[in-house]
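Notes follow once the structure below has been shown.
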Amino acid sequence: MLRAATPGRVLSLKGRALRYLSQREHSRAELARKLAPHAESDEQLESLLSQLTSEGWLSDVRFAQSLIHRRSQRYGIRRIAAELATHGLEACDQSTALADLDRTEAQRAADCWARRFKQAPQSALERSKQQRFLLQRGFTPEVIRLVLQRANQTVSDPGPDEHPG
């Protein structure tokens, strides 16, 4: 809960909004939801949100970029897109923000896999466990297949200093 700036003083609606925005980026829908109980009317709330957007304090694009930056090392594009949708972002805002992630999806999945699993799966049970882990993180089945194929190739191909026999 927000505290007033001084004892006995209640923050204005704009003051509350700026306090929320100073802590982290918020989507328009998320900020509206947080401020609604404190607004006198829907018109007052909508007016404030429009003012904050026009002044550059509130930006759905900046929020999407912030969320993507925070989540991209641990999650795949499908999970991030689903989270963006829960924050009320338009489909066009999502596709623009997610365009860069698509190019790095395989590498991010490989990094996520390597942090969790130190070796390629040795059995069907281990393979399914690793696949489920990456699926729950929001990576696509195609990317997961690629990551696990590379892991198996790394294990089966001896390095330049490792000669079999």
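The values are calculated or read from the model by the stated rules, or taken from the named source; none is laboratory data. On a predicted model such as this, the values are computed, not experimentally measured, just so you know. Here Cβ is always computed from backbone atoms with ideal geometry, including for glycine, and neighbour counts include all displayed protein chains.
Just give me the residues in the stretch 42-61 being within 23 Å of the chain's Cα centre (by Cα) and without any contact (Cβ under 8 Å) to a residue 12 or more places away in the chain, in sequence order.
Gly56
Within the stretch 65-121, can you find the residues that are touching a helix residue (DSSP H, G or I) at 6+ places or on another chain (Cβ under 7 Å) and of a type in the set (Phe, Trp, Tyr)?
The answer is Trp113, Phe117.
In the stretch 45-90, how many are within 26 Å of Glu142 (Cα to Cα) and either assigned to a helix (DSSP H, G or I) or not hydroxyl-bearing (Ser, Thr, Tyr) (or both)? Reasoning before the result, please.
Restricting attention to the stretch 45-90, the residues satisfying the condition of being within 26 Å of Glu142 (Cα to Cα) are 64-65, 67-86.
Checking the rest, the ones that are also either assigned to a helix (DSSP H, G or I) or not hydroxyl-bearing (Ser, Thr, Tyr) (or both) come to 64-65, 67-71, 73-74, 76-86.
Of the residues in that region, 20 qualify.
Is it the case that Thr140 is surrounded by fewer than 18 Cβ atoms within 10 Å (Cβ to Cβ), at pLDDT 90 or above and farther than 30 Å from Leu11 by Cα? Show your work before the answer.
Working: surrounded by fewer than 18 Cβ atoms within 10 Å (Cβ to Cβ): yes; at pLDDT 90 or above: yes; farther than 30 Å from Leu11 by Cα: yes.
Answer is yes for this residue.
If you check Leu89, Leu52, Leu13, which single one turns out to be more than 30 Å from Arg150 (Cα to Cα) and modelled with pLDDT of 95 or more? Step through it out loud before you land on a result.
Working: Leu89 fails: modelled with pLDDT of 95 or more; Leu13 fails: modelled with pLDDT of 95 or more.
Exactly one residue qualifies, and that residue is Leu52.
Just one of the numbered conditions (1) under 9 Å from the mean Cα position of the chain (by Cα); (2) over 19 Å from Leu134 (Cα atoms) is not true of Ile68; which one?
With respect to (1) under 9 Å from the mean Cα position of the chain (by Cα); (2) over 19 Å from Leu134 (Cα atoms), Ile68 is out only on (2).
Every residue in the stretch 62-76 that is closer than 23 Å to Phe117 by Cβ and touching a residue at least 24 places away in the same chain (Cβ under 8 Å), please.
Result: Ser72, Gln73, Arg74, Tyr75, Gly76.
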